[in-house]
Structure formats: structure tokens, C-alpha cells
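Data block below; observations after.
The values are calculated or read from the model by the stated rules, or taken from the named source; none is laboratory data. Predicted model, so just to flag it, every value in this text is computed and none were measured. Please note: Cβ atoms are built from the backbone with ideal geometry, for glycine as well, and neighbour counts cover all protein chains shown. Side chains are part of the model used for accessible areas, which takes the heavy atoms of the whole protein and leaves out ligands, DNA and RNA. Shrake-Rupley method; radii C 1.70, N 1.55, O 1.52, S 1.80 Å.
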Amino acid sequence: MTGIRVIVNAEAAEVDPEPLHRAALHVASAEGREAGEISVTLLADDDIRTLNREYLERDYVTDVIAFSL
């Protein structure tokens with residue numbers, strides 16, 4: 001599955017990004033995707049609340065925000 005690009009930014013969470021990378025590739029393969037990009041970013045509560053407020057006009061912490069590109 002060389003056509004799937006996975007970007008994992010987990011520095012702020014101090015976790016090993018490799019399991020996230022493998023999981024994203026597994027999901028893409030299971031969905032039959034042969035090309036595309038998956039970006040995973042782990043954020044602190046304050047940072048995700050800011051994104052939620054700025055882009056979705058919801059002023060609270062959430063577990064997941066997904067953006068379609």
C-alpha cells in the first residue's frame with residue numbers, strides 16, 4: 001500500500017507514533033483505499049478546544065475533530 005501517506009504528530013502527547021501509523025495503514029487497507037493521505041495529530045485539551053472553537057464554533061473540549069480535505 002505505497003499510495004497511502006500517513007502523518008502522525010504525537011510529540012505533544014509524548015507517545016510512540018508508530019502504533020498510530022500502523023493502525024491508520026490497517027484501516028486504509030481494510031477500506032480498500034490505495035491512495036490518499038491520513039493525518040493524525042494528538043493535542044492537549046486547551047489546543048483541541050481552540051480548534052473546535054475556531055473551526056466549528058463549539059467552545060468545549062472534544063475527543064475527535066475530523067476535517068475532510
Using modelled backbone amide H atoms (1.01 Å from N, in-plane), which distant-in-sequence or interchain residues come within less than 5 Å of Thr41's amide H?
Asn9
Listed values (1) 25, 15, 8; (2) 22, 12, 10; (3) 20, 14, 11, entry calculated as semi-axes √(5λ) of the Cα gyration tensor in Å
(1)
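Once fully extended, how much extra length lies between Ala23 and Ile4, figured as 0.36 nm per residue of separation less the alpha-carbon to alpha-carbon distance?
Working: separation 19, 0.36 × 19 = 6.84 nm, distance 1.23 nm.
5.6 nm is the gain from fully extending Ala23 to Ile4.
What FRET efficiency do you get for Glu11 and Ala35 if R0 is 25 Å and r is their Cβ-Cβ distance, rounded to the nearest 0.05? The partial results should precede the final answer.
Numbers: r = 27 Å, r/R0 = 1.08.
For R0 = 25 Å, the calculated efficiency reads 0.40.
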Just the number, please: carbon plus sulfur as a percent of the accessible area of the chain, 1.4 Å probe, no ligands or DNA/RNA counted.
48 percent
Which of His26, Ile65, Thr50, positive extreme of dipole for the chain (C-beta unit charges):
His26
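Return one whole number: the accessible area per residue of the chain in Å², for a 1.4 Å probe.
Working: 5620 Å² over 69 residues.
Counting only protein heavy atoms, the per-residue value for the chain is 81 Å².
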Karplus-derived 3J(HN,Hα) from phi for segment 21-34 (6.51 cos²θ - 1.76 cosθ + 1.60, θ = phi - 60°), whole Hz, x at Gly and Pro, runs 4, 4, 4, 5, 5, 4, 5, 4, 5, 4, 8, x, 7, 10
